[in-house]
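Before any comments, here is the structure.
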């Protein structure tokens, strides 16, 4: 018997607009002086993977924090739901207090999140984020339970039910996660859906450069990157990198911080201005939320300029406060 | 052998300025519409004690949240430390993730917090806080491990080492906590120190009215209350209640929201203006932080008007963002 609470499929057979897959993390954010970045040996502005001992040491050095659900693709999916989109998420937490927080926040955002928590292995992953006075965020990720995510965790029905499957590049690191990535991508394409990818961080790109290049060319329909990431992918300067992307990807979105973004296709280049922000407090999640606006727009069939505008709105909404999740309904801002 | 890391005592033998005792909680805050308060059956603006089932039900109904260390006296003590004061705290968490968060945040604020976590019994307590668009906070407290706090948890040396022992009225509810309260108060007075109390909430006052009246008259040197609380204590209108307090308490501080506060003694009445705030986001912790400024000032021997000014500064610093802990150094705001 069909689930009476299940959403009715649309004309294209989808019950979801965007399905995200990524590392399920809770962020721990503290505001620190510039000197902290040096004294703690952090790579400013980057995402660095850390193990248990380093996480303990770094947390002890950090000032008082706030805890907010995070995870790059999870932030994006929460944003899609906040725009009113039908959103689903796959990722792994542990059966502990932070895992409960993560699951609560996804479901409270209206996201279909049913991945069962792990009951063995490391605790729920967390990202220790240092925010400096320039509002830049420096991320240090203890993957915890999210490091267990593998192909068996890819819910075939969920992926096939979504118009767009969105994958975070952070995932594309461990072999098991790569296998999960490839499986999800295959399922989506077999079902006639789109695959979107964010390059996430230059370290992700550089660590697996050859694989990334094949992957982007062969299986990505929508690509998200910032300037440094797309330059790293193609090993050339921005202008040429954008031209290369136009030659092999359907839609490429390049974020440029306060300079807005570019959305390019083989046929056109759309320049998107940034939305004005009165005071930038914490840039954590800016790229994630930009992607939420674009993906929501694409899933609704909106013109690229409008997709980009939604991206800028979502990014501006999240950088005015601490934490990477929108503090208000994004639908009300459009 | 003395601890080589222990702070050197001042001339009066103290190593701490303010020692706080209260319920050690982690706050879970979400922004909700006014209609949520009704549909969830909340008592707007108040603090309500809830049990496990109700906490689970209410959390499920709440939107996405942020987690921040809280607890009324703990917020005050974090504020004292943020002003640069020497601060200590006694309260009980469980040995779990939220307990680690609470302990980290106290120590990261520079607070001497060494209460061992419980290893049996309920998990770390939390306060589910609904913030409405008018910035009012409605609190629903699951005491958890903090309900185990009793006289054995009162560290005699710590209390005797502080110039002022600050007790939250929320504590004065269960018999064990009352016994802890009386023990701490006795230790402080025997050591020649001051005892400060906040009435916390009208429900606290009304539930134990006769005991409160004796307690305030006989053992409180510094009293904090808002208008409703002091009226509840004396069962008369504000003006008369203030006069009654002047007759039996050395220093009484009455907070009046946007109208500032009064600090009254048998000899004088000092009117303290509120500090201007550009946008009030969340009033959680306003009273707690006001107390931190006054207590810090008193412990440093500052004039009452200056103590009140510090209180207003701290309160204004915390109501401009979500959560009850200062997001910046209060010392830098003075």
What is the distance in Å between the Cα centres of segment B:264-284 and segment B:142-179? 27
Distances from residue B:259 to the same position in the other copies: list them in nm, one decimal, shortest first, using label points 7 Å from Cα along Cα→Cβ. 5.5
Residue B:210 label point, 7 Å along Cα→Cβ, cut-off 20 Å on backbone N: hits in segment B:159-175? B:172-175
Determine the gain in length on full extension of the stretch residue A:280-residue A:156; use 0.36 nm per residue of separation and subtract their C-alpha separation, reporting nm with one decimal. 40.7 nm
Does segment B:97-249 come out rounded, prolate or oblate by the C-alpha gyration tensor, with a ≥ b ≥ c the root eigenvalues, rounded set by a/c under 1.5 and, if not, prolate when a/b is larger than b/c and oblate if not? oblate
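Quick one: of the DSSP bridges fully inside segment B:115-228, what percent are antiparallel, nearest 5? Don't skip to the answer; put the middle values down first.
Details: 6 of 14 bridges.
Bridges in segment B:115-228 that DSSP calls antiparallel: roughly 45 percent.
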Per the Kirkwood definition applied to all pairs of different Cα atoms, how many angstroms is the hydrodynamic radius of segment A:87-131? 11.2
If you restrict to DSSP beta bridges whose two residues both lie in segment A:1-93, what percentage is antiparallel, to the nearest 5? 50
Where does segment B:255-334 land on the Kirkwood hydrodynamic radius, alpha-carbon pairs, in angstrom? 12.5
For segment B:32-78, what is the convex hull volume of its Cα atoms per residue in Å³? 108
Can you give the translational diffusion coefficient of segment B:150-230 in µm²/s, computed by Stokes-Einstein from the Kirkwood radius over Cα pairs at 20 °C and 1.002 mPa s? 169
Output the relative contact order of chain B, whole-number percent, from Cα pairs under 8 angstrom with separation of 6+ residues. 18
Roughly what would the spin-label model give for residue B:120 and residue B:95, points 7 Å off Cα along C-beta, in nm? 1.2
Quick calc, residue B:243 & residue B:186: beta-carbon distance into FRET formula, R0 30 Å, rounding 0.05, result 0.55
In µm²/s, what is D for segment A:1-153 at 37 °C and 0.692 mPa s, where D = kT/(6 pi eta Rh) by Stokes-Einstein and Rh is the Kirkwood radius from Cα pairs? 198
One decimal, nm, shortest first: give the distances between the label point of residue A:236 and those of the same position in the other copies, each label point 7 Å from Cα along Cα→Cβ. 8.6
Just the ratio, please: alpha-carbon radius of gyration of the protein assembly as shown over 2.2 N^0.38 Å, N its number of residues. 1.02
Out of every Cα pair in segment A:78-163, what percent are spaced more than 15 Å from each other? 65
Two-site FRET efficiency, residue B:328 against residue A:11, from Cβ-Cβ distance with R₀ of 45 Å, rounded to 0.05: 0.30
Please label the shape of chain B as rounded, prolate or oblate, based on the square roots a ≥ b ≥ c of the eigenvalues of the alpha-carbon gyration tensor (a/c under 1.5 means rounded; beyond that, a/b larger than b/c means prolate, else oblate). rounded
What does DSSP give for chain B in terms of the percent of beta bridges that are antiparallel, rounded to the nearest 5? 35
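Hey, what did segment A:167-324 get for relative contact order, percent, Cα under 8 Å, at least 6 apart?
15
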Length gained when the stretch residue A:40-residue A:265 is fully extended (0.36 nm per residue, less Cα-Cα span): 76.8 nm
Taking residue B:331 in one copy and the same position in all the others, each labelled 7 Å out along Cα→Cβ, what are the pairwise distances from the first, in nm, shortest first? 4.8
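Given segment B:195-299, report the % of alpha carbon pairs whose separation exceeds 17 Å.
More than 17 Å apart: 50 percent of the Cα pairs in segment B:195-299.
FYI, it's all coordinate maths here, none of it is from the lab. The shown structure was predicted, so the numbers you read here are calculated from the model rather than taken from an experiment. For neighbour counting, all protein chains shown are included, and Cβ atoms are generated from backbone atoms with ideal geometry for every residue, glycine included.
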